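Before any comments, here is the structure.
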Amino acid sequence: MEKICVICEEEIKADPDGWDGGHNAAPVAKGKCCGECNVTVVSVARMKQLGYSQKDAVATISEHERQLKNQAFLREWRRK
Ligand SMILES: [Zn+2]
């Protein structure tokens, strides 16, 4: 079954870490969202709920995202 993101309405594709089950879109929306929206919209909203400023939230999430991509890259590389 095709999974559709409740935020951008695109198909939910696998994340860099291989997870393709989507993400809980709360508190932004009800249902599942894609990895892209999870990072750019949902995570930022959650961190703002925790009291982070928009700027700090985005900076922290960008760093996390960068690490995830590095991990995915390393896994690919080790497979070769
Ligand atoms: Zn999305």
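Here, each number is a calculation from the coordinates, and none is a lab measurement. These figures come from a predicted structure and were not determined experimentally. Don't worry about glycine lacking a Cβ; one is built from the backbone with ideal geometry, like all the others, and counts go over all protein chains shown.
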Just tell me the longest site-free run in the chain, where the sites are GluC sites (Glu not before Pro) in a DSSP loop having at most 10 other beta-carbon atoms within 10 Å. 10-80
Can you check what the net charge comes to around V6, using other residues whose Cβ is under 14 Å from the Cβ of V6 (Lys, Arg +1; Asp, Glu -1)? -2
Going from the fewest other Cβ atoms within 10 Å to the most, one would list T60, T40 as T60, T40
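If the chain between T60 and K48 were fully stretched, how many nm would it gain, using 0.36 nm times the residue separation less the Cα-Cα distance?
Details: separation 12, 0.36 × 12 = 4.32 nm, distance 1.16 nm.
Gain in length upon complete extension: 3.2 nm.
Counting helices only, and only those DSSP H runs with n ≥ 4, report the 222 nm mean residue ellipticity of the chain as the sum of -39,500 (n - 2.57) divided by its residues, in deg cm²/dmol to the nearest 500.
-14000 deg cm²/dmol, from helical runs alone.
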Post the alpha-carbon centroid distance, the range 1-21 to the range 41-80, in whole angstrom. 17
For K48, list the aspartates and glutamates whose Cα falls under 13 Å from its own Cα; do not include residues on the same chain fewer than 8 positions away. D56
Binned Cα-Cα distances of the chain, short to long, each 5 Å bin given as a whole percent: 3, 16, 22, 21, 19, 12, 5, 2, 0
So for the pair A26, R75, with labels modelled 7 Å out along Cα→Cβ, what separation do we get in nm? 2.6
Here the relative contact order (percent) of the chain, from C-alpha pairs under 8 Å and at least 6 apart, is 23
